[in-house]
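Visitor: The structure under discussion is supplied below as structure tokens; questions concerning it will follow.
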Amino acid sequence: MDTRLATPPAGSRAARGPRRRLSPALRMHQILDAALDLFAERGYADTRMDDIAQQALLSKGGLYAHFRSKERVFEALLERALAPLPLDAAALADEAADLPDLVARYLDQTYAWMADPDRVRILRLLLTENHRVPTLIARWREQAVEQQLRAITAMLTRARERGLCRATVLDQHPWLVLSPLLHGIVMSLLQAPQAGPALEQRRAAHAALLIELLTPRNG
């Protein structure tokens, strides 16, 4: 079997730096970086395993030693970039001084998690390619998205027990807590990068919305 390393396209991530023997973990990251570049540039359907191998400085056999299919590569990208936000719901609600502090703490974690550009690129791929891998997307939704929604519900429940907020539609539909952030991601696909409100403005509006919805009513 030909084990010579392929020459990557100029400017690719894999082309940067000298060739060297990598640990399995580092090699895995290199493959996923290369795959993400290609999926983002060409789309999932138009990227072949041969292309990923070349971009990652691997022979085709070397790539298949790590991943048996393109779907498995995509799944690994989801697992790496879109693992659930490690939200400690009880700690957030217990440590917050008041509702604005709780909202600020929650959004600090959420927007920091979304600051990774690779994460945004993966979400964009999900919007455009989800019909190609429906089983994979369904599994990711169950393992990551639903876990995050349960954490949000637990946070709101504990905050309500402490008197920081009131019961609202967010308790029954916790995905609404994330909707301003997801709206920003979708709009970024439709607008030029400089169009629309800046991230800081979107975050401030997100905070104002949650505070207005959750503030306890007198009487």
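Visitor: Would you point out which residue out of R72, R68 is basic (K, R), at negative phi, modelled with pLDDT of 90 or more and over 19 Å from the mean Cα position of the chain (by Cα)? Break it down into steps so the answer makes sense when it comes.
Guide: On the way: R72 fails: over 19 Å from the mean Cα position of the chain (by Cα).
Exactly one of R72, R68 is basic (K, R), at negative phi, modelled with pLDDT of 90 or more and over 19 Å from the mean Cα position of the chain (by Cα), namely R68.
Yes or no, residue by residue, for (1) surrounded by fewer than 17 Cβ atoms within 10 Å (Cβ to Cβ); (2) in a loop (DSSP other than H, G, I, E, B):
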residue: Q147; (1), (2): yes, no
residue: I152; (1), (2): no, no
residue: M155; (1), (2): no, no
residue: R158; (1), (2): no, no
residue: A167; (1), (2): yes, yes
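Visitor: Quick test of your reading of the structure: L123 fulfils all but one of (1) in contact with a Leu (Cβ under 9 Å, 6 or more places away or on another chain); (2) farther than 30 Å from D37 by Cα; (3) outside any loop (DSSP other than H, G, I, E, B). Name the failing condition by number.
Guide: Failed condition: (2).
Visitor: Out of A97, A90, I need the residue that is under 21 Å from R158 (Cβ atoms), at pLDDT below 90, over 22 Å from the mean Cα position of the chain (by Cα) and surrounded by fewer than 17 Cβ atoms within 10 Å (Cβ to Cβ). Which one?
Guide: Values: A97 fails: at pLDDT below 90.
Every option except A90 fails the conditions.
Visitor: Enumerate the pairs (first residue in the stretch 113-129 and more than 12 Å from W140 (Cβ to Cβ); second residue anywhere and aromatic (F, W, Y) and assigned to a loop (DSSP other than H, G, I, E, B)) with beta-carbon separation below 6 Å, excluding pairs fewer than 6 apart on the same chain, so at least 6 apart or on different chains.
Guide: E129/Y44
The values are calculated or read from the model by the stated rules, or taken from the named source; none is laboratory data. Treat the numbers as computed from the prediction; the structure is a model and nothing was measured. All Cβ positions, glycine included, derive from the backbone under ideal geometry; neighbour counts span all protein chains shown.
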